[in-house]
Amino acid sequence: MNKDFLWGVSTAAGQIEGSVLEDGRGLSIWDAFCRIPGSIRNNDTTDVACSSYKLWKEDVKLLKDLGVNSYRYSISWSRVLPDGKGKVNQAGLDYYKRLTDTLLNEGIAPNITLYHWDLPYALHKLGGWLNRDVADWFADYAELIFKEIPDAYMFSTHNEPIATYVGYARGVFAPGFAVEQYGRQANHNLLLSHGKAVERFRASNSKAKIGIVIDVWNRVPLCPENEDDVRYAKEQNALAHGNYLSPIFSGKYNDIYLSYLEKNNIKLQAEEKDFELISAPLDFFGLNCYNRIVVSASGANVRQTLTQNGGNFLQNGQEYYPDAIYDTVKIIRKDFNVNLPIYITENGVGFQNEQEVDGIVSDDERIKYLTASFNSIKRLTDEGEDVRGYYLWSLLDNFEWTAGYSTKYGIHTIDRKPKKSALFYKEHIKNNG
């Protein structure tokens, strides 16, 4: 692997920081969503999480021990701007400046995500992502961070924008709306905020790189020879990651998505000039890739069919498909004109029942999964693909959104004990892949 390849781990503020009402921080929509009974498994909350706001130095020690040369983390918008706009909370801003400076001093490149799903609740009360003004509010917030933390190695405007659609159209993520029109409009306003933030970045003095992070769960037909399955998979891809990749890299929504809006009588509040901003050139693309999704137009039992044909499944019920990253990189290059350096910004696997053996969590299935991911990346780089980094999700077991603390993705426990996978990853980094 190239000596400059970035080996890292990823986290998100809303999932690890806790201290939701300390030192002047404002509430986020997830802090509020946790208060709706039944929204989160076991009624878990963000209140304490991994206590990383207080224990961030311990997190840095874990990073140093792993040997990573980059750390991907997010900024809590409401910790810096409690009302989402207006007065800055200096204590919150200083927290991120201290963390970033410490990482730099330790030789760990800071990879900062500006938005990882935690909209300030004060802005939600003003319409949130349904209010077109949110694009300017986000751009103002982004400009502040570019100015105050100019030495970050890279910035991502947004992480997995589809989560905002899920929160406005499906009701299972914050803020909990279930209106399709809402989801599609929130999507567009978020993309516009991305474009405006990139514009502010280009006007700043930051020497960092700017990009966006999209999760791609490629849909593949259960029966490749079945025309209905092939068509269905194509439509699902166009309505999922294609809904973001098309406007960002082609300057327009794809035809399948536009047809979907028309059939469902959904009229977006959008202007032609929006797409000039949305498709502004980027420095890199962040790919979150966990697995593929096998689909059938007929509703056939996918797992049963795959098993009958030699497919494998992990103990958590997910398909074990070792070529997920390899296939996805090839697809986004070919189908979506993503001609940028690519960083795998999230990849990992979660389990609910992890067992300790001789005092350590023996997560052998996670190691099996990670080994396949690393093999995919090596194949890609050997073939000349411009893949420049890999970030494992996640440093710690944490608040996994609606799953609460029941599903564990960390290579360390929530109280920062290394699992077997942490030792495996440490050795992998030591050998540079």
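The values are calculated or read from the model by the stated rules, or taken from the named source; none is laboratory data. Only a predicted model underlies this, so the values are computations on that prediction, with no experimental measurement involved. No Cβ is skipped: glycine too gets one built from the backbone with ideal geometry, and neighbour counts run over all protein chains shown. Keep in mind that these areas ignore ligands, DNA and RNA; they rest on the heavy atoms of the full protein, side chains included. Shrake-Rupley method; radii C 1.70, N 1.55, O 1.52, S 1.80 Å.
A few notes on this one:
- Using a Gaussian network model of the chain in which every pair of alpha carbons under 10 angstrom is joined by a spring, one finds that among ASN218, ASN159, ASN339 the greatest mean-square fluctuation is at ASN339.
- Toward the positive end of the charge dipole of segment 254-411, with +1 on the Cβ of Lys and Arg and -1 on the Cβ of Asp and Glu, the farthest Cα among GLY389, PHE351, VAL295 is that of VAL295.
- Solvent-accessible surface of protein heavy atoms, probed at 1.4 angstrom with all chains present, puts MET1, MET154 in the order MET1, MET154, largest first.
- Within a Gaussian network of the chain (alpha carbon springs, distance under 10 Å), most fluctuating of LEU306, LEU190, LEU144: LEU306
- Solvent exposure of the chain, expressed per residue, is 41 Å² of accessible area, with all protein chains present and a 1.4 angstrom probe.
- Distance (nanometres) between label positions extended 7 Å along Cα→Cβ at LEU104 and ASN431: 3.5
- Rg and Dmax of segment 1-153, based on Cα coordinates, read 15.9, 49 Å.
- PHE201 exposes around 10 Å² of accessible area when a 1.4 Å probe is run over every protein chain in place.
- Computed [θ] at 222 nm, deg cm²/dmol, the chain (DSSP H ≥ 4; -39,500 (n - 2.57); rounded to nearest 500): -12000 deg cm²/dmol
- What a 1.4 Å probe finds exposed on segment 190-274 is 46% carbon and sulfur by accessible area, rounded to a whole percent.
- Residue-level accessible surface for VAL357, protein heavy atoms, 1.4 Å, Å²: 80
- Just checking the listed ones, SER296, SER259, SER376: in the Gaussian network model of the chain with Cα springs under 10 Å, the one fluctuating most is SER259.
- Here the simple spin-label model places points 7 Å from the Cα toward Cβ, and for ASP94 and ASP151 these points are separated by 1.8 nm.
- Whichever aspartates and glutamates have a C-alpha closer than 16 Å to that of LYS426, once near sequence neighbours (fewer than 8 apart) are set aside: ASP59, ASP65, ASP363, ASP364
- ASP140-GLU271 pseudo-label distance in nm [points 7 Å out on the Cα-to-Cβ vector]: 1.7
- LYS57/ARG231 FRET efficiency (R0 60 Å; Cβ-Cβ; nearest 0.05): 0.65
- Over 27 Å between alpha carbons, listed pairs LYS234/LYS420; LYS330/LYS408; LYS209/LYS273: LYS234/LYS420; LYS330/LYS408
- Computed over segment 171-322: relative contact order in percent, which uses C-alpha pairs under 8 Å that are six or more apart: 31
- Accessible area, probe 1.4 Å, largest first, for residues LYS147, LYS54, LYS368, LYS97: LYS147, LYS54, LYS368, LYS97
- Translational diffusion of segment 145-273, µm² s⁻¹ [Kirkwood Rh, Cα pairs; Stokes-Einstein; 37 °C; 0.692 mPa s]: 202
- Per principal axis, descending, Cα span of the chain in whole Å: 59, 59, 47
- Taking other residues whose beta carbon is less than 13 angstrom from the beta carbon of ARG231, and scoring Lys, Arg as +1 and Asp, Glu as -1, yields -3.
- Contact order normalised by residue count of the chain, Cα under 8 Å, 6+ apart, percent: 18
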